[in-house]
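In what follows, a structure is listed as structure tokens, so that the remarks can point back to it.
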Amino acid sequence: MRTMRSPQRERTNEQWLAELRSESADGETVEALREHLRSGLTRALRPQADVSDADLDDFTQDATVRVLSQLASFRGESRFTTWAMAIGIRVAYTTLRRRRWGDRSLEDLGIDADASAAPAGARSARPGAAADRSDLFQALRASIDSDLTPRQRAAVLGELAGMPSAVLAAQLQTNANALYKLNHDARLRLRDALHRRGFSESDVRTFLLEASRG
Amino acid sequence: MDPSREQLAALVRQLAVTAPEELDCETVLRHVAAYLEATHADAPVAPELAMIRQHLDVCPSCLEEFEALTRAVESD
Ligand SMILES: [Zn+2]
């Protein structure tokens, strides 16, 4: 005889794993995972006006499939439910960002990832100048133009423009990790370049302090 | 593309916390749940997890997802 069970029955991490591994796609634990993801995604996406109930259904379905395919990578560092939710949120936001961005390309943004030379327009910054906000910006613009490779420049500018990383990676014909590395290398170069142009760490901190005061 | 002042200010903020060694977004996804739980517990955050915080400071996408995760687990 089957007894009624709450769908929110508490499970340990080990129970989640064992039951999800042994169940078919319509099993009780898979259903509990789906409900957990749906309610979490509903709360997570509350501030997003452009998310419909049908979207939530789609995100929940995709997230459930993704979590089930990644069970082997769960290391037990957190509750299983929190880990699964992080994956669900990555799935939902990746789709949302692509949808919002549409099909705009780097070219549409005026970013040339293949340019061998820096864009024209000599931008000079006064070395040793005080960290006046506009001077810092001027130096940063000059460094973006002349101290980065074309691909590093495209990675930095694309991200600043809000291009989703999945779209940006595809535009640069690379993958997410390589894109992150490109962006990271670019930031290290820009920081060195700012130092060479006379802006010290403390100039930058002063700038940030002023900026945070409005 | 000529970045706006707002975009440059965001970049300056990222440069200020850029570290020689950083985690990528995939690695952050694997550990962000543990980071969230550690920040909710009153225990000190382990050094590995401190690198998650650093990533959130330089990666707007992962920060957006971390805030969403925080909302998701609110009533858990
Ligand atoms: Zn990230």
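The values are calculated or read from the model by the stated rules, or taken from the named source; none is laboratory data. Quick caveat, the model's predicted, so the values are computed rather than measured. Because the Cβ atoms are built from the backbone with ideal geometry, glycine has one as well, and the counts that use them run over all protein chains shown. For the accessible areas, the whole protein counts, side chains as well, though only heavy atoms, and no ligand, DNA or RNA atoms are used. Shrake-Rupley method; radii C 1.70, N 1.55, O 1.52, S 1.80 Å.
Oblate is the label for the range B:20-75. Its Cα gyration tensor axes, ordered a ≥ b ≥ c, give a/c of at least 1.5 and b/c at or above a/b.
Taking the charge dipole of chain B about its Cα centre, with +1 at Lys and Arg Cβ atoms and -1 at Asp and Glu Cβ atoms, the residue from B:Cys25, B:Pro3, B:Leu63 reaching farthest to the positive side is B:Pro3. At a 1.4 Å probe radius, carbon and sulfur cover how many percent of the accessible area of the protein assembly as shown? Exposed carbon and sulfur together represent 50 percent of the surface. As an exercise, use a Förster radius of 30 Å and the Cβ-Cβ distance of A:Ala170 and B:Ala46 to find the FRET efficiency, rounded to the nearest 0.05. About 0.30, to the nearest 0.05. With all protein chains kept in place, the per residue accessible area of the range A:13-101 amounts to 46 square angstrom at a probe of 1.4 angstrom.
Sparsely packed loop sites in the range A:18-121 (the trypsin sites (Lys or Arg not before Pro) outside DSSP H, G, I, E and B with at most 13 other Cβ atoms within 10 Å) comprise A:Arg75, A:Arg104. Compute accessible area for the range A:88-115 by itself and then with all protein chains, 1.4 Å probe, and report residues whose area falls by 30 Å² or more. By number: A:Ile89, A:Arg90, A:Tyr93, A:Arg97.
How tilted is helix A:201-212 with respect to the longest principal axis of chain A? Cα atoms for both, answer in degrees (0 to 90, nearest 10). With rounding to tens, the tilt is 60 degrees.
Working from Cα pairs under 8 Å separated by at least six residues, relative contact order for chain B is 34 percent. Accessible surface buried by the A/B pair amounts to about 4400 Å², both sides summed, 1.4 Å probe.
May I ask you to list the GluC sites (Glu not before Pro) in chain B that are in a DSSP loop and have at most 12 other Cβ atoms within 10 Å of their Cβ? Listed in order of number, the matching sites are B:Glu21, B:Glu74. Rounded to the nearest 10 degrees, the angle from helix A:28-44 to the longest Cα principal axis of chain A is 40 degrees. A 1.4 Å probe, protein heavy atoms only, puts the accessible area of A:Asp192 near 80 Å².
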